[in-house]
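Reviewing the structure listed below.
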Amino acid sequence: MTETRMTDEVDVNSHPPLEEEKRQRYYIAKMQQLVKEKETEIGRPLTACVTTFGCQMNARDSEKLIGILKEIGFEESTDENSDFVLYNTCTVRENANLRVYGRLGHLNSLKKQHPGMIIALCGCMMQEETVVEKIRKSYRFVDLIFGTHNIFKLAELLYQRMTEDGMVVDVWKDTDQIVEDLPVERKYPFKSGVNIMFGCNNFCTYCIVPYVRGRERSRAPEDIIKEIEGLVADGVVEVMLLGQNVNSYGKTLNPPVSFAELLERVEQIHGLERIRFMTSHPKDLSDDLIRVMAKSEKICRHLHLPLQSGSSRLLKKMNRHYDKEQYLALAKKIQEAIPDISLTTDIIVGFPGETEEDFEETMDVVRQVRYDSAFTFIYSKRTGTPAAAMEDQVPIEVTQPRFDRLLKEVQEIAKERCSRDLGRVMKVLVEGMDDHDSANVTGRLGNNTMVHFPGDASLIGKIVSVRLTEARGFYYMGRMEEE
Ligand code: SAH
Ligand code: SF4
Ligand code: F3S
């Protein structure tokens, strides 16, 4: 699903243009030539494999990277034994980081048997100087490294690597640039992420994201609306508005636009059926947003409201700008205004200094709010963040049992919550065939719960009415009903 086609003629014999979008189109055209030459040389098309680690931001970035690669002339592949291999990395927790190093070893052995293979790394991990140093020193077979701020430069950097010797490294510390209108290859024809803002200014003390994604920048509402209109014209029925803290969208625009106002404008887009967004920081969630959600026909009944901890003492140390009581009051206000809302959350166990009492406060919030689901994490020390330098780090022998207790509680509640719509007829967006039963399709309710029911591929991308006939823990079985 290519969203933007390069229709303009580009003169590849002239100098590269200065204006960024034009410049990248120029390098895309240069690369097209180069790829054609290589294809003739080896007698087959060139393949590219992009692997994405991390969050929805990275997933959306990968769609942009794949869009550029396809435009250049690469065939997309899921096989890592490809001519171009790209890892779009995540560094939010150490595990994410270690997985990349582990897989790089395997890539090296593939490259030894694959002449001309180009290995590239990008994404959040590459924004860390220590990582780039380590790769330069110990992973010398890597060809190209770039960061989160210059993914739009892929064609130019690849051109540089293919026409010069040595590793190409281009990582920017930060940027105020937002390059619009480059090609994007969507993973799903019927739904899409849409960046509404980049970066984060919150500096929660455990979190590395503000250091690797830079300062907060919002896209102009006109650009967002234009992009969504284009997506809808191309068959998209559901969008997910993406930002690290969507509730602070638009504060720095001139004139300022609130997230609630943006949602109202997106709601007007004809043909768009569902609106989701992620993530909402509790400190900035406005009454306006609750009001807009409550009356909306398109905004899904799902709110991801990261708690992180239920202990007011730890929340302060985390720099979250709310306490336990404020969070509980907010959750209650939302549940009262939108009774069918699904609340989900993120929770960290074992933040420095966490005592048994602190942990019990978290368990208490979990029991009071009754989340539909929760992502639970063991605190991971990230170099350069304030929490990494805190003295009272909690050992894994203490955090693991707490984590297990929390997970059990969260899952029991989620199971109970999930069955609450049993027997009802609800709208489902069909996303694909059921992996476990080829007579079934799989789709999602507005509140994000999965439903499996008999159907065929012609339903994919459609919103249909389904009676929920059986609750199976975290998902439903169902049967399609006439409208
Ligand atoms: N911007 C989003 C979260 C992005 S990171 C927000 O504020 O909600 C996704 C989740 O990873 C966070 O909500 C947090 O729960 C978790 N996380 C971030 N840093 C972490 C760390 N150092 N250790 C463990 N979990 C972490
Ligand atoms: Fe990290 Fe906090 Fe920003 Fe979320 S809001 S990305 S947790 S610093
Ligand atoms: Fe990971 Fe970067 Fe997202 S660190 S969680 S991929 S913003």
Of Leu263, Val246, Pro221, whose Cα points farthest to the positive end of the dipole of region 220-277 (charges on the beta-carbon: +1 Lys, Arg; -1 Asp, Glu; origin at the Cα centre)?
-> Val246
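Explain nothing, just the number: dipole magnitude of the chain about its Cα centre with +1 on each Lys and Arg Cβ and -1 on each Asp and Glu Cβ, in debye rounded to the nearest 20.
Numbers: 64 positive and 77 negative charges, 142 e Å.
Using Cβ point charges on Lys, Arg, Asp and Glu, the chain gives about 680 debye.
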If you check each cysteine of the chain for another cysteine whose beta-carbon is under 4.7 Å away, which ones come up empty?
-> Cys49, Cys55, Cys90, Cys122, Cys124, Cys200, Cys300, Cys418
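Could you tell me the relative contact order of region 1-113? Use alpha-carbon pairs under 8 Å, at least six residues apart, and round to a whole percent.
On the way: 112 pairs, mean separation 27.7, N = 113.
After rounding, I find 25 percent.
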Taking every C-alpha to C-alpha distance in region 186-314 and binning by 10 Å from 0, the per-bin percentages run 12, 43, 34, 10, 1
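How many percent of the alpha carbon pairs in region 38-161 exceed a separation of 27 Å?
Values: 895 of 7626 pairs.
Of all Cα-Cα distances in region 38-161, 12 percent exceed 27 Å.
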Any chance you could give the angle, 0 to 90 degrees and rounded to 10, that helix 221-233 forms with the longest Cα principal axis of the chain?
-> 80 degrees
Please compute P(r) over all alpha-carbon pairs of region 271-370, binned at 10 Å starting from zero, and give each bin as a whole-number percent.
-> 15, 47, 27, 10, 2, 0
Normalised by the number of residues in the chain, what is the relative contact order in percent for Cα pairs under 8 Å and 6+ residues apart?
-> 10 percent
Kirkwood hydrodynamic radius over Cα pairs of region 166-240, then Stokes diffusion coefficient at 37 °C and 0.692 mPa s, in µm²/s | 224 µm²/s
Dipole magnitude of region 381-483 about its Cα centre (Cβ charges: Lys, Arg +1; Asp, Glu -1), debye to nearest 20 = 240 debye
About its Cα centre, what dipole magnitude does region 343-428 give when the only charges are +1 on Lys and Arg Cβ and -1 on Asp and Glu Cβ, stated in debye to the nearest 20?
-> 720 debye
Put +1 on the Cβ of every Lys and Arg and -1 on every Asp and Glu Cβ in the chain; which of Asn440, Thr47, Leu459 then has its Cα farthest towards the positive end of the dipole?
-> Asn440
In the full protein assembly as shown, how much of His281 is accessible to a 1.4 Å probe, in Å² to the nearest 10?
-> 10 Å²
Cα-based convex hull, region 348-483, per residue volume (Å³, whole number) | 141 Å³
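Kirkwood hydrodynamic radius, computed over distinct alpha-carbon pairs, for the chain: how many Å, to one decimal?
Numbers: mean 1/r = 0.0413 Å⁻¹.
This gives a value of 24.2 Å.
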Checked against the positive end of the charge dipole of region 1-110 (+1 on Cβ of Lys and Arg, -1 on Cβ of Asp and Glu, about the Cα centre), the farthest of Gln56, Asn81, Leu34 is Gln56
With -39,500 (n - 2.57) per DSSP H segment of 4 or more residues and division by the full residue count of the chain, the 222 nm estimate, nearest 500 deg cm²/dmol, is -11500 deg cm²/dmol
Carbon and sulfur atoms account, in whole percent of the 1.4 Å probe accessible area of the chain, for 50 percent
Among the aspartates and glutamates, which fall within straight-line cross-link reach of Lys317, defined as a Cα-Cα distance under 14 Å, with same-chain neighbours fewer than 8 residues apart omitted?
-> Glu354, Asp358, Glu391, Asp392
Can you give the accessible area per residue of the chain, in Å², using a 1.4 Å probe?
-> 45 Å²
So what is the relative contact order for region 245-388, in percent, with contacts set as C-alpha pairs under 8 Å and at least six apart?
-> 21 percent
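The values are calculated or read from the model by the stated rules, or taken from the named source; none is laboratory data. None of the values given here were measured: they were computed from a predicted structure. Ideal geometry is used to build each Cβ from the backbone, glycine not excepted, and the neighbour counts take in all protein chains shown. All accessible areas refer to the heavy atoms of the entire protein, side chains included, with ligands and DNA or RNA removed. Shrake-Rupley method; radii C 1.70, N 1.55, O 1.52, S 1.80 Å.
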